[in-house]
Amino acid sequence: MIAWVLKITLAHLLGDFMLQPDKWIEDKSQNTYKSKYLYYHIGIHFLLLLVVLQFDFKYWLALILIPISHYLIDLGKLLWKNKMETRRLFLLDQLLHFLIIFLVAKIYFKVHVDFSLIFSAKIILLLTAFLTISYVASVVIKILISKWKQENEITNTAGKYIGMMERILIFVFIVLNHWEGVGFLLAAKSVFRIGDLTKSHEVRLTEYILIGTLLSFGIAIGVALAYQKLLKFV
């Protein structure tokens, strides 16, 4: 079953990302269902499915359902492009595609999902750790360094998500016992930030950057160490 899903996933990734030129995407965005490239795109997905399934027509239902559902999902994405943020629309689009793959796989294979595992102590602990280093840490850091905030600092959500990814990487490096990765991240951030510090003569900006960085790294390291300790008791 896993091998079958991987084949279908490979076909999806090739068709949606590698074999879809920007010209096709732009034309689909402008002409929606009237775009010939929308149908070329679905045709490529169908051919890729044939190839990865080695022309085994016992999977004829998958060869019908997946391309048709792909067309409907893509068409819905095109019609909703002005009603939803592009990032969210993209994530929803991909989520629906993979959901269809999973549902089609259930037709051919006995798939038993043990939902009790989702609520196991280890999973709850992991989710709590990720929630803490992502959203909780963002709010805490924002409040703690508000005193040093500069008007020319990033005010949009880019800085917020960069910080989240940074802390998640630190968490993963520590859990996998690769502390050198933490050092690499700190060095890389220092290199990127050195320009801000050298161009500015304001002490408050220097304090803002250093305190924010130390808080971000400190929270991520603290949560990772706590996670490793608590994992022994669950």
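Just a few scattered comments:
- Only one of the numbered conditions (1) more than 30 Å from Glu85 (Cβ to Cβ); (2) part of a helix (DSSP H, G or I); (3) at pLDDT 90 or above; (4) under 25 Å from the mean Cα position of the chain (by Cα) is not met by Asn177, and that is (2).
- Within region 113-128, the presence of at least one residue that is part of a loop (DSSP other than H, G, I, E, B) and more than 22 Å from Tyr227 (Cβ to Cβ) is confirmed.
- Restricting Leu89, Leu95 to those that are within 23 Å of the chain's Cα centre (by Cα), surrounded by fewer than 14 Cβ atoms within 10 Å (Cβ to Cβ) and assigned to a helix (DSSP H, G or I) reduces the list to Leu95.
- Scanning region 28-51 for residues that are surrounded by fewer than 17 Cβ atoms within 10 Å (Cβ to Cβ) and touching a residue at least 40 places away in the same chain (Cβ under 8 Å) yields Ser29, Thr32, Tyr33, Val51.
- Qualifying residue in region 60-67 (condition: in the same structural domain as Leu99 (by TED's automatic domain parsing), farther than 15 Å from Val104 by Cβ, of a type outside the set (S, T, N, Q) and surrounded by fewer than 17 Cβ atoms within 10 Å (Cβ to Cβ)): no
- Counting only helices (runs of 4 or more DSSP H) that sit completely within region 1-82, those holding 2 or more residues that are at negative phi and in contact with a Gly (Cβ under 9 Å, 6 or more places away or on another chain) correspond to 36-52, 60-79.
- When we screen Gly163, Gly159 for residues that are surrounded by 12 or more Cβ atoms within 10 Å (Cβ to Cβ), modelled with pLDDT under 90 and touching a Ser or Thr at 6+ places or on another chain (Cβ under 7 Å), the only hit is Gly163.
- Selection from region 52-88 of residues that are over 13 Å from Ile8 (Cβ atoms), touching a residue at least 24 places away in the same chain (Cβ under 8 Å) and of a type outside the set (A, V, I, L, M, F, W, C): Tyr71, Asp74, Lys81
- Boolean, Leu103 is within 21 Å of Val5 (Cβ to Cβ), surrounded by 11 or more Cβ atoms within 10 Å (Cβ to Cβ) and without any contact (Cβ under 8 Å) to a residue 12 or more places away in the chain: yes
The values are calculated or read from the model by the stated rules, or taken from the named source; none is laboratory data. Computed from a predicted structure; not experimentally measured. Don't worry about glycine lacking a Cβ; one is built from the backbone with ideal geometry, like all the others, and counts go over all protein chains shown.
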